[in-house]
Each structure stands twice: as structure tokens, then as C-alpha cells.
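The values are calculated or read from the model by the stated rules, or taken from the named source; none is laboratory data. What you are looking at is a predicted structure, and each value in this text was computed from that prediction instead of being measured. Note: ideal-geometry Cβ built from the backbone for every residue, glycine included; neighbour counts use all protein chains shown.
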Protein chains: 2
Amino acid sequence: MERVAIIGASMTQFGQREEWIRDLLAEAGIACLDDAGVSPDAVEHLYVSNMASGEFEGQTGVPNALAHDLSAVPAYTARIDQTSSSGGAGVYAAWQSIASGASEMTLLVGGEKMTHRTTAEATDVIASLTHPVEYKHGLTLPSFAGLTARHYLDKYDAPRESLGKVAVKNHRNGVDNPHAQFQKEVDLDTVLESPIVADPLRLYDFCPITDGSAALLLCPESVAREYTDEYAVISGIGGATDTHVVHERADPTTMGGVVNSSEQAYEMADIGPEDVDVAELHDMFTILEFLQSEDLGFFEKGEGWKAVEEGVTDRDGELPINTSGGLKSKGHPLGASGVAQVYESYKQVVGDAGPRQVDAETALACNVGGFGNCVTTTILEGQL
Amino acid sequence: MERVAIIGASMTQFGQREEWIRDLLAEAGIACLDDAGVSPDAVEHLYVSNMASGEFEGQTGVPNALAHDLSAVPAYTARIDQTSSSGGAGVYAAWQSIASGASEMTLLVGGEKMTHRTTAEATDVIASLTHPVEYKHGLTLPSFAGLTARHYLDKYDAPRESLGKVAVKNHRNGVDNPHAQFQKEVDLDTVLESPIVADPLRLYDFCPITDGSAALLLCPESVAREYTDEYAVISGIGGATDTHVVHERADPTTMGGVVNSSEQAYEMADIGPEDVDVAELHDMFTILEFLQSEDLGFFEKGEGWKAVEEGVTDRDGELPINTSGGLKSKGHPLGASGVAQVYESYKQVVGDAGPRQVDAETALACNVGGFGNCVTTTILEGQL
């Protein structure tokens, strides 16, 4: 089977934006085509990753409008929704479109417009969509995160400070990302003294509410060099669900979807976790970076916090995690986030990450929907 | 590339249902697995086709819940939305999942719950999602249909009665479909004397508002015979958009998405329109059956109405169209419709269509989103 190449990528400024979803999607789509030097006429499939533009803005049905806005008609379009992992699901759909031979040029654009809603409203919408059962009992995603963090700290005898250090690291990385919502450092005291949201987690343990979009252009590897000398291949990709109801999970500190989706991706790429040079993890809450770094096999179970303490995941560490700043400082526009994770991975493996650049041939991106309900894992290898 | 087989199919009773979207989807999903004799454990990818459960019910994020309800966790899930062609887009996504090698067993379930909303409310939601530009000026999909019908009748000198005969034919076919919303004949006078909705179209020129779901089970053809002696292959499939704004189309009686998507499907199947034995067309409005039967190449442009007048598209005609009763009498639960079209096509080519059975080796299904904004065409061949 022919491998799938990424030949262009873009992301917009993340943060509080004036534009609505349709314009945000068009901005990233145009920038991505420009990045690759490809005409919209060449686009055969156009996918939109978006979680909740209906709930947030009262407007869905945007893929056909985007085909118009990009002058990409008659490209085939569809919207891919997998709650907060819609972006990763979009990457998987775009990959499938090329790998199946259905398309020879696929543009994926992920985006979300959220900041016109309050944090409480957005949190409410997200929980009602991802956890309708537990939502009725008052649980939201931050609640799950607090309960899980408490469990993790107790079970693995980890200090509260280690969670704070995830936020400090990712904010430090975000300083060098011109697209990040927060381009400023925070110190550990600021994190540890910020207001409690879901004990033991505090405000700075959480990602913000964000507007933004990101895009990728994919084609068969056999034609990639017609467009560029430097591209990435998606050498591995996989997706999996975990139980819909969180309390049914045997171990709340393990995300089965991360384990299963990464096993698929490693097998396809014919590598193991020890071969990954840099990773973008779904740090919607600081605790999630620990869970994923363990469930992906980077560290033993219960040891992820030590890696952060020891600087292993710093930009100059052995396995840099979230060089982009992560969802924590870059922001988390739901449908865009999984696409933006692959944008950063692409930039790293083609050597175009600027001041964030690390030494990386292989990058991994892990995008989590709900509270681990559905996960996609994508592995990229640079071809220079 | 390996061909993709359909080894099981189901559809629920269409009509006014008490169940909500989650239960409707589970009903079709369970019935489809039962039909194929496949355990939910074997499902690797699970796709949900749904247009607007958020707008209609305030609940999206259903794929993960469905994985739970079917005991299919850790199957990968995603929701595919392409407005009223979400079902066809789901078929395309499911096909890609198998053809790309990402999955060896994919369950697609399409569904919609609509009848708790009034026809006016549902029509308003649909137009606001599919045609946000023209919607602001008061146009809905029935408006487009009326304008197009008037144009067609004038341009091709077709009698108003020919449109009514589409409704009469499809209602007659629906009598033999136990899942159809309306299992009763209507005579031409009833159609022609029903209340005007969008002149010249009257109530009986329109499909109803419907609840329901349908499902398909797909796997690589190489393993299909492990499950069944009679299956279908998706020998051709394609998708395409037309202009987002309807008034930008050069000829309002041609649907570019139908032309482009069917050209892709014919090319993949290595057949032409003359090789199709039976077809399910998207007769949301009677006029659409004329347009599609011409744009698919079955009849010359402007001649589709004559085929209906002459009985060519009757069940005992040369090219039976909408043996299921079509959207017109079977009903049109948006996200389910494209899946149910392929359900009928599958039943016809494996010889399991009961009293609706025609002599068919090759079947075609054409699913239209919006007013031709995005279209998928699927060709099935029976393997007995």
C-alpha cells in the first residue's frame, strides 16, 4: 500500500478571534494551499474537523461553504466529528482518503469558534456532548480531571508540584510559538497558587477556551516530490474508543484508547515508543500529559511525573513533549487541536519549527476525545 | 486494490418513532450485526451518519455512546456529517476505511430523529444549514424545488402530470416495503389536487419528515465468504460538490454533483449508465428524480420525464427506479437515507428484496445533500 505524505500545513493565530467558523476555516485552508504551492483546483477531497459549531454558533453544514470559499468546488467534502478528537479523526479520514485511492489530493481543515461563549457555557456544552450519562449527575471534564489527578497522585506517590511543572514547561514552550494563545512563561508558584477549579487542579492546570483553525494537505508519497523537496509521511495511524461511561474503567489512571490507538500506530510504522523523538500530547488538563506519556509507552506506568520532574520532556530533554506549547498554552479550539498537533509534528520532522526546533526524525501526536472516550494517534516521519 | 464487500444490512421501521437518536442507531446496528452473524467484538471501525441531532435533539457526540450500546468498544468511531447526504458520505467513509486497510470490519449506522419537530421547524433547520446565504432571503429547499420544477417543465415542455407520476410510482413501490413510512398507493388526482407547497409542486411532490435508521457491515472481499455466501461489492463510488449558492449554477436543471460523482463511480466500476439494472435516487422532491435520472446518464437531458410517463422506471420497466418507495414513500430520516438507499441496492443485488425484487446484478444509489450541494454515488454488484 502506498504511503501518505503531508506536503503542506498551516495554523492560524489561536486565541480570541473576531471571525466566525466559516472564515476561520477559510483562513487556514488558504494558508495551507499557499504553503504547499498547490492550486485549489487540485483538491479532490476536502474534510472539515469541527466538534460543535452547531452548539456554539448555530451553524453546521460548513464543508460545502468552505469548498466555495476556497474555490475548491467540485471537490468532495464531509465534516468529521469525534468531539474533542475531531481533529485527529479528520487526520485519520484524510489519511484513509489517500491510502484508499479515493483522492490524490486531500485538504483537511479543523477549526472551532468558542470564545463568544463563557468558559462555563463551553464546559457545559462539552460535557453534555461527551458524557451525557455522568453530565446528568453534575460531572464535567474538569471534574473527571480533578478526580483522576487525586487518584494518580495518591496511587503513584507523586507530588502535586509535578502537575504544576507540566504547565510551567508547556507555557515556556509556548513563548516561542507565534500562533499560541499564551506566549508567556508562568512560574510554579503562580500555577500552585491559582484558584482551585477541581481539587487538586487549579486554573493553570487547564487549557483555555480558544478560537482558531489549522490545516494539512495530503497526497500519495509517489507524487509528493512534484510539490516539495521536504515532506513528512504518516508512517503510522490508529484510533480506538474507551468506555463511554468513565466509571466503568478498571483503572482510572489508564486511558485504554491511548493504549489501543498507539499500538495500531506503532505496528503500522513498525517502530516502538523508544523510537519517537518528539510528541504532541493532549494536555487539556496537566494530568492528561502524565497519563498519555505512560499509556503511549514512553514511561512506565506511574513514572510519567518523574520524567517531567527530571526535565526529560523539556525541549532540550531526551523526549520533548508539547514543543508547540501544547493545548495548555497554545490553546484548544476543539476541532482544530488534533490538526494543530500534526502541524507541529510536521514542522518538527521537516526541520521547519524555528526556535522550537528539536532534533527529530519521528514525531507522534495523540488527540483525545471526551475524557479518553475516543483517541487517535498519528506518527510522522520526515523525508528530506 | 482489494474490493470492499457488504456482508450485512438493516433498516428500522421508518416513520414516527418514540425512540431518540441513540436508541434508533443501536436498533439498526444490532440488527445489522445479527443479519451478518458477526459479533460486535469483530467491529474495528464504527461510523455514524447523522446530520443534525444537535439541532433537532440537543445531543451530538453519539458515536462513542453507540460503541457502548453495541458492546463494540474499543472500536474506533467517528460521526460523518454532509447534511442530507450524510448517509452517502458515511458509505464513502466506511468504504475508505476498508479500502485503505485501516479496518477489516466496519459498521456504518445512519440515523435521524425528526418528527418531534414540526415540518416547518425541520425545513427551517435544514435550509439554515445547507443554504445559509439564500436562507437569509427566505429560500428553503422546497422553494428551490418549486423554482427548478417550473424551469424544467418550461424548458423541456414536460407536462405537470409527469411529476405527479413519480409520486404515484414511488408510493406504489412503497406498498411492498414493510419498513416504509407510507405503505399505501396514491392516485394521480390525489397528487395533483393536494395543497400547493411551492408552485407548481404540491404536498404529494414532497417526501415526509421521518425518524429512522439503517446500517451496513463492510469488510474486504477476500474475507467476505467467511461470513456469507451472498454479498455485494461496492464496485464504484464517488463524491462531488456543486456551487454552495444555487443561483451560481449555469443550468438549474443540472446537478453538477450528480454528474461528477457518478462519473467517478462509473469509472471505478468500469461500467456505464446503460449497465445499471436498478437505481435508488434521492427523490426528496419529485423533480429531483427527473434531474438525477438524466444527470446519471440514464436518459438524455430533458427526457427523464418521458421515461416515467412510459413506465421505463416502473418496477417491471427497463430501469426500475426507487423500488424501495424512495424517499417519497419510504421516508427521509436525513442521516439514514443514504444508508437506506444502499440497503435497498444490496437487497436487490443479492436477491433478497422479497416482493420488490427485480432482475438486477448492478445497482446504483445516488444521495444528494442540500439542493445538490454535495452528492455521493455508489454502485453495487451482487456476488452470489
>> Whether any residue in region A:198-212 is farther than 30 Å from residue A:56 by Cα and either at pLDDT 95 or above or within 20 Å of the chain's Cα centre (by Cα) (or both) is what I want to check.
In response: no
> Which one of these does residue B:147 not meet: (1) part of a helix (DSSP H, G or I); (2) farther than 30 Å from residue A:66 by Cβ?
Replying inline: (2)
> Can you tell me which residues in region B:65-121 are within 13 Å of chain A (Cβ to nearest Cβ), in contact with a strand residue (DSSP E or B) (Cβ under 6 Å, 6 or more places away or on another chain) and polar (S, T, N, Q)?
Replying inline: B:77, B:82, B:83, B:84, B:85, B:86, B:97, B:103, B:106
> Can you find even one residue in region B:376-383 that is more than 14 Å from chain A (Cβ to nearest Cβ) and on the phi > 0 side of the Ramachandran plot?
Replying inline: no
> Among the residues of region B:153-180, how many are out of contact with any Asp or Glu (no Cβ under 7 Å at 6 or more places or on another chain) and closer than 15 Å to residue B:202 by Cβ?
Replying inline: 5
>> Suppose we keep only residues that are crowded, with 19+ Cβ neighbours inside 10 Å and hydrophobic (A, V, I, L, M, F, W, C) within region B:154-188. Which one would you say is farthest from the chain's Cα centre (by Cα)?
In response: B:158
> Can we say residue B:28 is within 8 Å of another protein chain (Cβ to nearest Cβ) and buried (at least 24 other Cβ atoms within 10 Å of the Cβ)?
Replying inline: no
>> Which of the helices (runs of 4 or more DSSP H) found entirely inside region A:57-139 contain at least 3 residues meeting this: buried (at least 20 other Cβ atoms within 10 Å of the Cβ)?
In response: A:62-69, A:86-99, A:119-130
> Limited to region A:240-256, what total is found for residues that are part of a loop (DSSP other than H, G, I, E, B), of a type in the set (S, T, N, Q) and more than 18 Å from residue A:300 (Cβ to Cβ)?
Replying inline: 1
>> Looking at region B:138-163, I want the residues that are at negative phi and have a partner that is of a type in the set (A, V, I, L, M, F, W, C) and part of a loop (DSSP other than H, G, I, E, B) with Cβ atoms under 9 Å, at least 6 apart or on another chain. Which pairs are those?
In response: B:141/B:284; B:141/B:371; B:144/B:371; B:145/B:284; B:145/B:371; B:147/B:139; B:148/B:371; B:152/B:158
>> Anything in region B:218-238 that is assigned to a loop (DSSP other than H, G, I, E, B) and of a type in the set (Asp, Glu)? List them, or say none.
In response: B:226, B:229, B:230
> Somewhere in region B:275-288, is a residue touching a strand residue (DSSP E or B) at 6+ places or on another chain (Cβ under 8 Å), hydroxyl-bearing (Ser, Thr, Tyr), away from chain A (no Cβ under 12 Å) and part of a helix (DSSP H, G or I)?
Replying inline: yes
> Applying the selection to region A:1-53, what residues are over 19 Å from the mean Cα position of the chain (by Cα), in contact (Cβ under 8 Å) with a residue 24 or more places away in the chain and part of a loop (DSSP other than H, G, I, E, B)?
Replying inline: A:1, A:2, A:3, A:17, A:19, A:20, A:37, A:38, A:43, A:44
>> Name the residue that is nearest to the chain's Cα centre (by Cα), counting only residues in region A:229-262 that are among the acidic types (Asp, Glu) and facing chain B (nearest Cβ under 10 Å).
In response: A:242
